[in-house]
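A quick write-up on the structure given underneath.
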Amino acid sequence: MASFTERMAFVLVMALCLSGALAVDRGNFKTCDQSAFCKRQRALKPGESPYRALLETMELTNTRLTLQLINDNNKVRLLLELYRLQGNITRVKINELKPLKPRFEVPDVLVREPPTEPLSLLSQDENGVVLSLGAESQRVIVSARPFRLDIMEGRDVLMSLNSRGLLAFEHLRMRKDTQADSEAEKKEEVDPANPAETTKDEDDKDEDGMWEETFKSHTDGKPNGPSAISLDFSLPGVEHVYGIPEHAETLRLKTTDNGDPYRLYNLDVFQYELFNPMALYGAVPVMLAHNSQRTTGIFWLNAAETWVDISSNTAGKTVFGKMLDYVQGSSETPQTDVRWISESGIIDVFIMLGPTPKDVFSQYASLTGTQSFPPLSSLAYHQCRWNYNDQEDVKLVDAGFDEHDIPYDFIWLDIEHTDGKRYFTWDPHKFATPKEMLQGIMDKKRKMVAIVDPHIKVDSNYKIHNEIRSRGFYIKNKDGGDYEGWCWPGSAGYPDFTCADMRSWWASMFAYDQYGGSMENLYTWNDMNEPSVFNGPEVTMHKDAMHGAWEHRDVHNLYGFYVQMATAEGLIQRSGGVERPFVLTRAFFAGSQRYGAVWTGDNAAEWDHLKISIPMCLSLGLVGISFCGADVGGFFKSPSSELLVRWYQTGAYQPFFRAHAHLDTPRREPWLFGPENTALIREAVRQRYTLLPYWYLQFYQAHCTGQPVMRPLWVEYPQDPATFAIDDEFLIGTDLLVHPVTEEGARGVTAYLPGKNEVWFDVNTFQKHNGAQNLYIPVTMSSIPVFQRGGSIIPRKLRVRRSSTCMEHDPYTLFVALNPQRTAEGELYIDDGHTFNYEKKEFIHRKLFFANNILSSINLAPDAKFSTQSWIERVIILGASKPSKVTLQTADGQESQLEFEFDSSMSVLTLRKPGMNAGEDWKVMLQ
Amino acid sequence: MRFYVFIASVFCCAFADSRKIRGISSSYKRFYRERKSFLCIDGSKLIPFEQVNDDYCDCEDGSDEPGTSACPRGRFYCTNLGFRPHYIPSSRVNDGICDCCDASDEYNSHIRCQKTCWNLGQRERAYVEGQMRTLDEGLRLKQQLIEEGVLLWREKQAQLRELQQKAEDLHLKVEEHKKRKHQADQHKEQTLKTLQAGGAGSRQHNNTASGLFQFLDNNKDGSITVDEVQARVVTIHDEKRLLSENEAVALLGGGRQMDLTMFRHTLWDTLTKGDNVKIRDTNAALDSPVVEDPLLMAADRAAKWEATNLKKVEEAYETVNMEISDLQQKLAIDYGTDWEFLFLNSQCYKLQVYEYTYTLCPFNQVTQENTAGTQVSLGTWGMWAGEPKNQYSQMVYENGEPCWQGGSRTATVTLTCGTETALRSVKEPSKCQYIMDFQTPVACQPVLKQRGIHSEL
């Protein structure tokens, strides 16, 4: 009893602490109940669908099927379009047949109009239609009453739409003349004894929040009235769903029955809380569903505020309960039901049918494109702070890295570098000679990023503002004037990035002659592009602001996507299309992967924030955005030196590796925590640099194929349920498994090594471990548990220098980790590291292959041309046996003996200085 | 100095040319004698001598590759003839950035490095000479300031003693005045009591004939008049009633006035007997007449006078004591071994940085003022905070204005050697944490002289 009360007291104290000093002010953000359309839609009960398919209206052409749906309650007709897309994707589009005015359809996110495949009619009767989806005996069954779609493969239902009858489509309507009338009418009709009756006809009635909605002091006038849409999806056999970032949430999504749905609405959330469904800075409306047989995906292409409900018939069942079901032969298949609700627009959903995780990634990439191929240097370490105060400060920090022999590639300038928060300008005192500063950085082969936010100071002496205003490029308020909100510069306008002309003008502002003080080693950071409006509803823009003909409501989640798109285009254009851009964004949408990197926003220097950086980036990777990172050290608050070191160790193995800190925190450059911690951080950063060739290859592959760089284990081990919920470790590509230490005072970590017939090598000790086991690894402060998969070859550059550019011509060391079959393979990709010339086939792409005691390098791109000075300085074969002789055969057929060393205790064979050029054919034979 | 340079160049050239071991200093030559094999300097491994500087790292300690970038822990020796030789990490060899001024680190890269050692050396020498001059001048000034400091210290000590003497004197004075005030107070009290006794029939101060006569003789003209009798004599039966003129004349023996001699023999007896008349009771009716009583008034005046005097002296004493404690507090601060920092106390130094003016008043406070004139405290004197070896190299000012996210502003002042005393730079690397560079001759240290270019060439 005593211990119980003690614990309660502790919980209470904890709760008080959490709610006090550092937590989001939840009251600033809407719950579903406070969002009129969400409340309306969520109130609908399943099993009462008023929609019926009018089979007689069906038209089937070579590329699509169209069919009308009717709402039997109000007789409003919808038009269903169904497409079979290339690559095992089915697209379902539902719009009003005759809307009062056009409804918004998201442009620019799809890389092209997706190519279709023919559909064919298999059978038809008065109850429905069966269509063939082409390959693999896939069919779609359209049921008429109520309307429902089932996608089948063989006898299995893969996914059903409107199976719970939650399809809802609020048709556009004229506003009833007076509010009073409708109120009266409503009172008359509401019969508390029979709520079901009233729900049925509610389509035709006005409800609170349909024509106007007030949240806190902000009123959202809704001239178009209600326009929400909703649809449910059933996923039989599925217990694990992932994706729909951005949420500070575990990798595996939770059911939402007992709380709010997951919300997708780009918001600048001050000091966000962990493990909840609140919306954050970005939104990618893509969900993946997985079980050991199949992976599928749902891409809900809608840019309005969206809520996603998840429920499951197995949720809440204990392991014991599940076992009982199994033993008793309880036949209920697990099933997850998902329901999407959006405020406006149309239903346009892409059902990606896998079947493998890789297939789903390719399918999604075929729709929205792949990760942009970043400059090599942007995969290295970034040093940021709000703010480096002046040029002198920049110089000192730069020198500090050299003094402490820690490499870095990018130093960043936050908002204070500008002249009064006027982007594209420099503070005339603190950054009086930016080119001199940039040249100094360039002399060290390093680069800089300066922030350019999309809020523009309203100031008639500011060129950018004047131009945007005179060109009419600002977003307008509902009365037609330029929308103004409060942000860093004070009163600010927001350029309408949804307008293509605006975007091309914006891009032109990055030209060297426009952006004074910029040079080719200056890159860009787009922050606050949700957009953040300090005095707006939920710290963002009023939904009734106007983007041309469309309301902000329709396009909200696209804004950040467009800002980054226009900025990246600007960086490309300024170099005449030669150089790859680097742009970091905070807000994002589906397709944002095409324009650069994202980070997880304003996190905090807390252990839980370090932990959640893993699932947050994994979730983004699953939906195409591979170039993800969290502020190393935590943005708000000040990390202990232990937390800082652990964060560097974790960040060194995440795609975007940048330290950042809030203005009010003490300085935390890596050398400020005593020589021991400096050494630990140096080592973590150096490990990143040695692995840059591998990282670069991963990004090249992500760019080519859409596969995520940082992967959950289940993606590579889809049939091993033990991996399905793991989010404290991850894979980089297929070959490196990382289980960073994210616990304070940790003495050890338990890593799950997947793969029944696999082996894994500790990259530090070369110790071999079997797969399919939980491995306890004792750790010290210097430990970063990382394992290389047996069967892989990873090229590294071990000569870590000041910056990645300094390492360009350095030789490679190949780490060949043999699997139990004594084979291994890997790839090596080399190009100039920064231009688009790889598109002109100027690169080296080789396959490294070890089998039958022969390690060989094979050209994977014979039509590509590039030469490198880099050579192979060392080959380390893990799990090898001692050869008697090692012979190198080069492209010209010459043979030479190689010196080698063999460590029999760890079975490590090191070949000394083979010396062949990394771009050529060669063979090394062990005898 | 030139001599050292010459020697150094002879050594380096001679060895470097004959052995061709790139990247080592002459003192390491002995490890690289050309033999069949090379022993890693840490003794960990024996390798063929051809593998020294062959661009492959064989030794754990990097000693086999002093001239290449092959070893992660290696270092490369820049000879830098004409300038300072120094080591760079091996990773900076052939990285396309010129690190050694003799260009020796970029022997196999795309970049063409200028040989800048002579220029740098010249500049360095000029700089060092400048520094030396500054140091010499600084030390000379410092000596002066030390002397002044000693004088100032003595002066302050003398001042303290003087003040203490003054305090002592004042203390005595205070005691004396306290006594005097006490006496005056007592006298006043007595006068008052007599007066009261007179009124109440007490004879304390009226127990002599002349005393009572004087008491009755209100205007002190040597005779008692009708008025005077009326004023102070009443019948025992009705104290409140004023005597009539006739009654008074009767008491005066039929005349309108009476002198002391006559009083002794007539009215005195009557009053002392007290059968019919008595002196009016002071308690009952003499409120105003007593205040107006000249004796009492005189006594009161005297008491007040003494009180004022005492207060003045006490105030003076307090002031002196405060001065003493101020001075003692000042003198309790550590002004360096020779009181060389003493002169900074009571001085203030200003510097404008961007939109702010910073003021450092050593041993007192640091403030920041913006162009609008708003002043913010960045801290008050805290302590010396230099490293143990030289604790006088840094000052800390603490508990300035509170910061937005908790804590308060602090300023850390680093003292550097210069010929003038001035605030040189102010930075705020983190919010509310100010760093100042304060130059003054007293920060000049003779040890500096041994550093610099001399020993390293």
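Measuring from centroid to centroid over Cα atoms, what is the spacing of the stretch A:689-706 and the stretch A:495-509 in Å?
31
Just to confirm the number: angle between the C-alpha axis of helix A:2-20 and the first principal axis of chain A, 0 to 90 degrees, nearest 10?
Rounded to the nearest ten degrees, it is 80.
By how many nm would the segment from A:E273 to A:L396 lengthen if fully extended, with 0.36 nm per residue of separation less the alpha-carbon distance?
Roughly 40.7 nm would be gained on extension.
Using a 10 Å cut-off around each Cβ of peptide B:422-435, what is the average number of partner chain Cβ atoms that fall inside? Don't skip to the end; give the middle numbers.
Numbers: counts 0, 0, 0, 1, 0, 5, 2, 10, 11, 8, 2, 2, 0, 0.
Mean shielding by partner chains, rounded to a whole number: 3.
Less than 14 Å Cβ to Cβ from A:Q707, Lys/Arg counted +1 and Asp/Glu -1: what total charge do the surrounding residues give?
Charge balance near A:Q707 sits at -2.
Only four residue types carry charge here, +1 at the Cβ of Lys and Arg and -1 at the Cβ of Asp and Glu. Report the dipole size of the stretch B:342-443 about the Cα centre in Debye, rounded to the nearest 20.
For the stretch B:342-443, the charge dipole is close to 100 debye.
Identify the residues of the stretch B:86-117 with backbone N under 14 Å of a label point that sits 7 angstrom from the Cα of B:I41 along the Cα-to-Cβ direction, or state none.
Under 14 Å, as judged by backbone N against the label point of B:I41, lie B:86-90 of the stretch B:86-117.
The stretch A:799-824: which residues show an accessible-area loss of 40 Å² or more, assembly versus chain alone, 1.4 Å probe?
When all protein chains are present, A:R799, A:R801, A:R802 each give up 40 Å² or more of accessible surface.
Taking the alpha-carbon centroid of each part, what is the distance from the stretch A:809-829 to the stretch B:293-372 in angstrom?
So the two Cα centres are separated by 79 Å.
Per DSSP helix of 4 or more residues, -39500 (n - 2.57); summed, then divided by the residues of chain B. What does that give at 222 nm, rounded to the nearest 500? Could the numbers behind the result be given before it?
Values: 11 runs with 188 residues, N = 457.
Here the helix-only value at 222 nm equals -14000 deg cm²/dmol.
What lysines sit close enough to A:K45 to cross-link, taking a C-alpha to C-alpha distance under 19 Å and skipping anything fewer than 8 places away on the same chain?
Counting by Cα, and skipping residues close in sequence, A:K45 has these lysines nearby: A:K200, A:K205.
Output the relative contact order of chain B, whole-number percent, from Cα pairs under 8 angstrom with separation of 6+ residues.
Numbers: 748 pairs, mean separation 56.0, N = 457.
Worked out over chain B, it gives 12 percent.
Compute log10 of I(q)/I(0) for the stretch B:158-332 with the Debye formula, placing one identical point scatterer on every Cα and leaving out solvent, at q = 0.11, 0.15 Å⁻¹, to two decimals.
Summing over Cα pairs of the stretch B:158-332 leads to -0.58, -0.82.
For the stretch B:158-332, with all protein chains present and a 1.4 Å probe, just round the carbon and sulfur fraction of the accessible area to a whole percent. List each step's numbers first, then the result.
Values: 5330 of 10550 Å².
On the stretch B:158-332, the fraction of accessible area on carbon and sulfur atoms equals 51 percent.
Taking a cut-off of 21 Å between Cα atoms, list the lysines near B:K181, but don't count ones fewer than 8 places away on the same chain.
Answer for B:K181, where 21 Å is the Cα cut-off: B:K173, B:K193, B:K304, B:K311, B:K312, listed by chain and number.
Under the definition of partner shielding as Cβ atoms of other protein chains within 10 Å of a residue Cβ, what is the mean value for peptide B:249-258?
0
In degrees, nearest 10, range 0 to 90: what is the angle between the Cα axis of helix A:559-574 and the longest Cα principal axis of chain A?
Once rounded, the angle reads 40 degrees.
Output the relative contact order of the stretch B:316-457, whole-number percent, from Cα pairs under 8 angstrom with separation of 6+ residues.
That works out to 14 percent.
In degrees between 0 and 90, to the nearest 10, how far off the longest principal axis of chain B does helix B:294-332 point, with axes built from Cα atoms?
That works out to roughly 10 degrees.
Computed from the mean reciprocal separation of all distinct C-alpha pairs, what Kirkwood hydrodynamic radius does the protein assembly as shown have, in Å? The partial results should precede the final answer.
Details: mean 1/r = 0.0259 Å⁻¹.
For the protein assembly as shown, inverting the mean 1/r across all distinct Cα pairs yields 38.6 Å.
Take B:Q164, project a point 7 Å from its Cα along the Cβ direction, then tell me which residues of the stretch B:328-353 have their backbone nitrogen under 12 Å from it.
The answer is B:328.
What is the calculated FRET efficiency for A:N461 to B:R112, with r their C-beta to C-beta distance and R₀ = 45 Å, to the nearest 0.05?
Calculated transfer efficiency: 0.50.
Taking the Cβ of A:P489 as the center, what net charge do the other residues with Cβ under 15 Å away carry, scoring Lys and Arg +1 and Asp and Glu -1?
Taking every other residue near A:P489 into account, the sum is -4.
Local charge sum around B:H110 (other residues, Cβ-Cβ under 11 Å, Lys/Arg +1, Asp/Glu -1)?
-2
So if R0 is 25 Å, what FRET efficiency would B:D227 and B:W305 give, r being the distance between their Cβ atoms, rounded to the nearest 0.05?
It comes out at approximately 0.20.
With respect to the cross-link table entries B:K29/B:K389; A:K395/A:K463; A:K543/B:K431; B:K36/B:K115; A:K543/A:K637; A:K30/A:K478, which display a Cα-Cα separation exceeding 25 Å?
As for pairs spanning more than 25 Å Cα to Cα, those are B:K29/B:K389; A:K395/A:K463; A:K543/B:K431; B:K36/B:K115; A:K543/A:K637.
So what is the relative contact order of chain A, in percent, for Cα pairs below 8 Å that sit 6 or more residues apart? Spell out each step's value before the answer.
Numbers: 2236 pairs, mean separation 85.8, N = 927.
After rounding, I find 9 percent.
The values are calculated or read from the model by the stated rules, or taken from the named source; none is laboratory data. All figures in this text were calculated on a predicted structure; none of them were measured in a lab. Every residue, glycine as well, gets a Cβ built from its backbone with ideal geometry; the counts of neighbours run over all protein chains shown. The area values use the complete protein model at the heavy-atom level, side chains included, leaving out ligands, DNA and RNA. Shrake-Rupley method; radii C 1.70, N 1.55, O 1.52, S 1.80 Å.
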